[in-house]
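Student: Okay, handing you the structure first.
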Amino acid sequence: MTTNIQNGLTANAPWPHWQRQWRSLAVCFVVSFGIAGIGNALTDLGPWYYQLKHPAWKPPDPAFGAIWSLIFTLCAISAWLAWHGAPTPGRRAKVVALYLYNGALNMGWSFLYFHLHRPDWAMWEWLFLWLSIIWLVQGLWRESRWAAVLVLPYLLWVSAAGVLNHDTVILNGPFVQALPWLIPVST
């Protein structure tokens, strides 16, 4: 059975040789952790965040950094595998587009939740983020099955984060504070 799984995962693309393709691997890590860095810069764990009520099952705050570091590492390796597994420039462009779309949604979620202090809006955006990971897995499967499998922990974590986001909204809502530059304040 294990052999069947291994054969299925390696059936469509050989592993790139990291010593020959280290530059593309480095680019994947720079882009992946660049997205992570922007998301981190948008994440303000200040007084607003600490006054929120959180569900009892929420992981401790330091765990989030370790988990996201692992996820962005896996995504960088996944992107590298998919890039080298894609046989045409058009399919390579699709790999890049899937990752950039997902990265934009990932940063957008942090912007809504932590920068604008709107977990309720972030909950709506979370749906598109979650779907983008599904599309990523589906799109990568054709290029490299290992690339698709390496994205699954990201899908699991974002699924759990969606439940956490939902529970935080329920415990703290409604979030109707005025954003004067976006929503006029009636006096």
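The values are calculated or read from the model by the stated rules, or taken from the named source; none is laboratory data. Quick caveat, the model's predicted, so the values are computed rather than measured. For neighbour counting, all protein chains shown are included, and Cβ atoms are generated from backbone atoms with ideal geometry for every residue, glycine included. Each accessible area value is taken on the protein alone, full model and side chains, heavy atoms only, with ligands, DNA and RNA left out. Shrake-Rupley method; radii C 1.70, N 1.55, O 1.52, S 1.80 Å.
Student: Suppose R0 equals 45 Å. What FRET efficiency, 1/(1 + (r/R0)^6) with r the Cβ-Cβ distance, do residue 52 and residue 101 give to the nearest 0.05?
Tutor: With a Förster radius of 45 Å, E is 0.95.
Student: From largest accessible area down, sort 53, 94; use a 1.4 Å probe on the protein chains.
Tutor: Details: 53 125, 94 95 Å².
Highest to lowest solvent-accessible surface, that is 53, 94.
Student: For residue 135 and residue 156 in one chain, what is 0.36 nm times their gap in residues minus the Cα-Cα distance, to one decimal in nm?
Tutor: Stretched fully, the residue 135-residue 156 segment lengthens by 6.1 nm.
Student: Summing +1 for each Lys or Arg and -1 for each Asp or Glu, what net charge is found among the other residues whose Cβ lies under 13 Å from the Cβ of residue 168?
Tutor: +1
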